[in-house]
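The values are calculated or read from the model by the stated rules, or taken from the named source; none is laboratory data. Quick caveat, the model's predicted, so the values are computed rather than measured. Quick reminder, even Gly has a Cβ in these numbers, built from the backbone with ideal geometry, and neighbours come from all protein chains shown. Only protein heavy atoms, including side chains, enter the accessible area calculation; ligands, DNA and RNA are left aside. Shrake-Rupley method; radii C 1.70, N 1.55, O 1.52, S 1.80 Å.
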Amino acid sequence: MIIRIKLYASLGQHLPSGAVKNEADLDLDEGATPVDAFSRLNVPLEQCHLVLINGLFVPPAERPTRALVAGDHLAAWPPVAGG
Amino acid sequence: MAWAKQLLRVDLTKGTCTNEALNMEWAQSYLGQRGLATKYYVEECDPKVDALSLDNKMIMATGPLTGTCASTAGRYSVITKGALTGAIACSNSGGFFGNEMKNAGYDMIIFEGASKSPVYLMIENDSAQLLDASEYWGQTVWDTEEGIKDKHGDAQIRVASIGVAGEQGVKFACIVNDMDRAAGRSGVGTVMGSKNLKAVAIRGTKGVAVNDPGAFIAAANAGKAVLAENAVTGQGLPAFGTQVLMNVINETGSLPTHNHRDVQFDGANNISAEAMAEPRASDGKPNLVTNAACFGCTIACGRVSTIDREHYTVKDRPEYQKASGGLEYEAAWALGAATGIDDLDALTFANFICNEQGIDPISFGATVGAAMEMFEDGVITDKDTGGIDLKFGNAQALTELAELTGRGEGFGAEIGLGSKLLCEKHGKPELSMSVKGQEFPAYDSRGIQGMGLTYATSNRGACHLRSYTVASEVLGIPEKTDPLETDGKAGLVKAFQDATAAFDSAGLCIFTSFAWTLDDVAPQLDAACDGEWTTDKLLEVGERIWNLERKYNMDAGFTGKDDNLPARLLKDAAKTGPAEGKTCGLDKMLPEYYEVRGWTPDGVPSNETLDRLAL
Ligand code: SF4
């Protein structure tokens, strides 16, 4: 299945080649989780501070278990803030 | 100690400068800066005063920690009635000016009356005098600051000044210090301009004494260690700055776009922190040059950037090709998403002009967004705009209007009314995205519900810096709450409001609160200041300050009915993103908020609450 991966700030360096504006398509096995997606791209899991699927927060405990579905947008940031 | 225990009273009508002892009894109840200056202001100014009249006063105030070696302790605030809002205004600025004021031996400066001709206040430690500013009147902030330093032959002088916008009565004029740090919101620069006060220039070398130096240095160092070890304040903010939020907030469907018609912006990535770090085609250099820190700050979130020399805004204007401050997230949002413009260099230029001429980029960008909607709806035409094609997404319109508004000329003078008056003038009050006359910052309350309550109840009009529940609802600081839920937000907003009032009154930057709680602040204050300063006392002081501001606004004529949001946010559901189909549930949060505040169902602080807080 194809999902859209979005990696920002320092995580952007782990985007696959051909990524545009911090986004790329990623082909994953059915039932893959956010952790599977990050591991595929060698994104350090401890750096994935804010993780969103389709804009909704995924708590750390659900990241190894929550099944992604085709077309999901999976976004991640290291620890960041602003205001 | 920590307080200088002295204030300077400047009577601009009479041209006198007089030292006074600081009321230390009030300092124990209101701490400093925002709290203590508001107490002075409320005691001395009729709540019904016209913001631009002789009878309005304006106070520049530091906190007890300002000028000490605590991290971020260089802050000062400007307290007055806001020209944009008619409500209590308190605008906080970093840079180096606050430190200089404290080192000259002043906790605060109270300005009253108005000068007949332009003046600036020059302070060199114990010497304070009003000097003729006619050579600077009509000059930009940047020229004024450089001119005063040159004239006095001292590059170490710190200057806070207004640009032409403040002279011309632009309602959201700000006071800019150190070239690009600003007491930005509510039109405090407009009040300064109405007093014919062009600038305040200070050289202070006295130092700041603390009660127990050994304990204070230990507490300040412990606080710095917490900031350094925290991933947000130690790594995230210095590396990416506030601008990293552009993609975060867009992804959560809370980025107000096209004057809040939309909640996500297709061009968000083009104006984000990531875009600022991207090498550009013309010279291979990124927009971002470096990060920067205010006085004593160990976080260093500030951005310094340049515009592509080939860009239309600066191609023939080398004076704007050098590096300067910005973009920060709020400015980038207002100049960009609110107007549908994704040209990073155009936004950087407009932001430079905002700093140069002293205008608040949030209110400016948001007002341009409202004008764009009226233009696209045919309510205003190019006859009104002087030929400017004011469509959403038009970068040239934005940059031209920044220059016109900065000088208060042409259609820029109309933009300078702020969105409330501008939209009312054209019979479309519902298109002003504001509360109490002040434009929203960069978070849509349909996708971040707590911010709806924050905006509606903010004492200085719509503002994110009174209760930044985004920290909890989006970023999980101190703990994650659901941004789409209204339950529990009343207590969350109150807790943020009271704690923020305490941070703002101590002399510290609110960004420390991404890592610190009041438990980290209390030991620093306790070691530095007279009296006992505990977390509980700080919470009580914060709540007292909030209620004092509220009471002043009610006496000024505001009521619970003003704790409201534009109909667009309450009735028009978000069209995309996680909040799709949702409006802001203010009606669910507000009654509970009044209850947890100890206010009547009409939003009036009850006698019990006022008694409990000794108000
Ligand atoms: S955190 Fe940023 S805004 Fe706050 S004092 Fe430091 S540099 Fe200035």
In short, segment B:194-237 residues buried by 10 Å² or more of accessible area relative to the isolated chain (1.4 Å probe) are B:Ala231, B:Val232, B:Gln235, B:Gly236, B:Leu237
Backbone N within segment B:25-63 under 18 Å of label point (7 Å from B:Thr534 Cα along the Cβ vector): B:28-31
Using alpha-carbon coordinates alone, the radius of gyration and Dmax of chain B in Å work out to 22.3, 67
So for each of B:192-202, B:151-161, B:18-28 I average, over its residues, the number of other beta carbons within 10 Å; can you give me the resulting order with the highest mean first? B:192-202, B:151-161, B:18-28
Taking the Cα-to-Cβ direction at A:Ala61 and at B:Asp384 and moving 7 Å from each Cα, how far apart do the two end points lie in nm? 5.4 nm
Packing-based order for B:179-187, B:508-516, B:475-483, B:599-607, using average beta carbon neighbours within 10 Å, highest first: B:179-187, B:508-516, B:475-483, B:599-607
Tail fraction, Cα-Cα pairs, segment B:449-612, threshold 18 Å, whole percent: 61 percent
For the protein assembly as shown, report the accessible area per residue in Å² (1.4 Å probe, heavy atoms, rounded to an integer). 33 Å²
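Give me the percent of accessible area attributable to carbon and sulfur for segment B:16-132, probe 1.4 angstrom. Show your work: numbers first, answer last.
Numbers: 1480 of 3140 Å².
Here carbon and sulfur together make up 47 percent of the probe-accessible area.
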Going toward the positive end of the dipole of segment B:6-203, with +1 on Lys and Arg Cβ and -1 on Asp and Glu Cβ, which of B:Gln139, B:Pro118, B:Thr80 do you reach last? B:Thr80
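Can you give me the % of accessible surface on segment A:2-77 that is carbon or sulfur? Probe 1.4 Å, all protein chains present, nothing else counted.
On the way: 1840 of 3580 Å².
Within segment A:2-77, the accessible surface is 51 percent carbon and sulfur.
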Listed residue (B:Gly193, B:Ser71, A:Pro60) projecting farthest to the positive dipole end of the protein assembly as shown, Cβ model: B:Gly193
Reduction of at least 40 Å² in accessible surface, 1.4 Å probe, comparing all protein chains with the chain by itself, residues of segment A:1-45: A:Tyr8, A:Ala9, A:Lys21
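State the percentage of accessible surface on segment B:257-432 attributable to carbon and sulfur atoms; use a 1.4 Å probe and exclude ligands, DNA and RNA.
Details: 2910 of 5970 Å².
Carbon plus sulfur share of accessible area: 49 percent.
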Rounded to a whole number, the mean other protein chain Cβ count within 10 angstrom for residues of B:244-251 is 6
One quarter of the C-alpha convex hull surface, i.e. the mean projected area of the protein assembly as shown in nm², amounts to 27.9 nm²
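Relative contact order for chain B: what is it in percent, counting Cα pairs under 8 Å that are at least 6 residues apart? Mind dumping the intermediate values first?
Working: 1532 pairs, mean separation 97.7, N = 615.
Here the relative contact order equals 16 percent.
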Nearest-20 debye value, chain B charge dipole, Cβ charges on Lys, Arg, Asp, Glu: 620 debye
Below 15 Å, Cα to Cα, which aspartates and glutamates can B:Lys588 reach? Residues fewer than 8 away in the same chain don't count. B:Glu485, B:Asp487, B:Asp563, B:Asp602
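What does the buried accessible surface come to for B and A, summed over both chains, with the probe at 1.4 Å? Round to 100 Å². The partial results should precede the final answer.
On the way: alone 20270 and 4680 Å², together 22970 Å².
Answer for the B-A pair: about 2000 Å² buried.
What is the dipole size for the protein assembly as shown, taken about its Cα centre, with +1 at each Lys and Arg Cβ and -1 at each Asp and Glu Cβ, in debye to the nearest 20?
Values: 61 positive and 92 negative charges, 155 e Å.
It comes to approximately 740 debye.
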With a 1.4 Å probe on protein heavy atoms only, tell me which residues of segment A:50-83 lose at least 20 Å² of accessible surface in the complex relative to the chain by itself. A:Leu50, A:Leu52, A:Gly55, A:Leu56, A:Phe57, A:Trp77, A:Pro79, A:Val80, A:Ala81, A:Gly82, A:Gly83
Applying 1/(1 + (r/R0)^6) with R0 = 45 Å to the Cβ-Cβ distance of B:Glu319 and B:Leu54, what FRET efficiency is obtained, to the nearest 0.05? 0.75
Between B:Asp555 and A:Ile2, what FRET efficiency comes out of the Förster formula 1/(1 + (r/R0)^6) with R0 = 56 Å and r the beta carbon distance, rounded to 0.05? 0.40
Go through segment B:267-350 and name the chymotrypsin sites (Phe, Trp or Tyr not before Pro) that are in a DSSP coil and have 16 or fewer other Cβ atoms within 10 Å of their Cβ. B:Tyr312
Residue (of A:Leu41, B:Gln129, B:Thr62) at the positive-pole extreme of the protein assembly as shown, dipole from beta-carbon charges: B:Gln129
Among B:554-566, B:448-460, B:419-431, how do they line up by average Cβ neighbours within 10 Å per residue, starting with the highest? B:448-460, B:419-431, B:554-566
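Suppose we take every Cα in segment A:2-77 and form the convex hull; what volume per residue is that in Å³? Don't skip to the end; give the middle numbers.
On the way: hull volume 5.9 nm³, N = 76.
With only Cα atoms used, segment A:2-77 gives 77 Å³ per residue.
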